[in-house]
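In what follows, a structure is listed as structure tokens, so that the remarks can point back to it.
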Protein chains: 2
Amino acid sequence: METDPLLRLQAVLNADIPLSRAMGLAVTTWNDSCLTLYAPLAPNINHRETAFAGSLNAVLTLSGWSLIWLLLDQERIQGKIVIQDSQIAYLHPVESDFAARCCLPPTDQVDRFLAMMRRKGRARIELHATIEQNGQIAVNFVGRYVAVWQKSLQNSLNHP
Amino acid sequence: METDPLLRLQAVLNADIPLSRAMGLAVTTWNDSCLTLYAPLAPNINHRETAFAGSLNAVLTLSGWSLIWLLLDQERIQGKIVIQDSQIAYLHPVESDFAARCCLPPTDQVDRFLAMMRRKGRARIELHATIEQNGQIAVNFVGRYVAVWQKSLQNSLNHP
């Protein structure tokens, strides 16, 4: 039986991104098309006793990265994922432990992304993610990610 | 004799934002209107052996925050600074220790910001910051920050 993909994702984050350990990041739920990453306030606090903007951005950035990781894993595609650009709006202070929630876009966009990966070995996808506090959106994030088939990545080492 | 403002800024960052210690953040230079914050690659590395996007964003966010802190300190204004929103483009991977450089905008914009702080106790400023690698811009960042006079902040505790 194969290991739970969320456990493997957590292991990848812990092993590959040391700062995720310093932030206390934990993969929590993955329901349907949405993923939630949790972080405690204490290691991510700022001068105003609320969450540091840099931590909020980091957890949101990783929520999008992780959602693509799970999607590619599910589709048995070995891909490397990088973020290309992002925008973030800090609407309200985050005053307690927090969770970043990132959902897949509509099915046609996901299908296009996967088809492009299979055809060209490289595809781009835009993801929205949020952090809520007391039932309202406290932080709004949009990131554009690029995934590259590991095989074509290895080729590109010779032809950068 | 007053303590060096850069030493005080470093102490503020270390004390108030624990993640800045985990990132190994160091205030390095402040020449004319530009501030540089340094971070080593090791604690900020990612799965591709380059700097983690979340770390790059955090250091850039803090470079803008710190530049306003130094400006207000110089002007003897006790202000609280928060970031409102930001945009970031990851143009090239950052493959070694890195430095975020943030410069003040043209004098008229700085003057308007300070005048607004003194008149209204609250002002907004947009700052650009970059991380360079091998002589080219690797990461481009724009952030909008809001500063609030500490006095009016204390009042606002009673009238949120």
- request: Return the residue satisfying two criteria in turn: it lies in the stretch B:94-125 and is open to solvent by 80 Å² or more (accessible area, probe 1.4 Å) and either within 14 Å of chain A (Cβ to nearest Cβ) or among the hydrophobic types (A, V, I, L, M, F, W, C) (or both), and of such residues it is nearest to B:Trp30 (Cα to Cα).
  value: B:Arg124
task: Name every residue in the stretch B:18-41 that is open to solvent by 10 Å² or more (accessible area, probe 1.4 Å), more than 18 Å from B:Pro5 (Cα to Cα) and in contact with a helix residue (DSSP H, G or I) (Cβ under 8 Å, 6 or more places away or on another chain), in order of residue number.
output: B:Pro18, B:Arg21, B:Ala22, B:Gly24
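Return the only residue of B:Gly54, B:Gly79, B:Gly64 being at pLDDT below 95 and crowded, with 17+ Cβ neighbours inside 10 Å.
Criteria check complete, one pass: B:Gly79.
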message: I'd like to check which strands (runs of 3 or more DSSP E) are fully inside the stretch A:94-156 and have at least 1 residues that are farther than 26 Å from A:Ser20 by Cβ.
response: A:136-149
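Looking at the structure I just gave you, is A:Ala89 within 16 Å of A:Thr50 (Cα to Cα), of a type outside the set (Lys, Arg) and surrounded by fewer than 21 Cβ atoms within 10 Å (Cβ to Cβ)? Quick ask: steps written out before the conclusion?
On the way: within 16 Å of A:Thr50 (Cα to Cα): yes; of a type outside the set (Lys, Arg): yes; surrounded by fewer than 21 Cβ atoms within 10 Å (Cβ to Cβ): yes.
Taking the combined requirement at face value, the residue satisfies it.
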- request: Answer yes or no: is there a residue in the stretch A:94-101 that is farther than 23 Å from B:Val94 by Cβ and without any contact (Cβ under 8 Å) to a residue 12 or more places away in the chain.
  value: no
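The values are calculated or read from the model by the stated rules, or taken from the named source; none is laboratory data. All of these numbers come straight from a predicted model, not from anything done at the bench. With ideal geometry, Cβ positions are generated from the backbone for all residues, glycine too; neighbour counts draw on all protein chains shown. Surface areas here come from the heavy atoms of the whole protein model, side chains and all, with no ligands, DNA or RNA. Shrake-Rupley method; radii C 1.70, N 1.55, O 1.52, S 1.80 Å.
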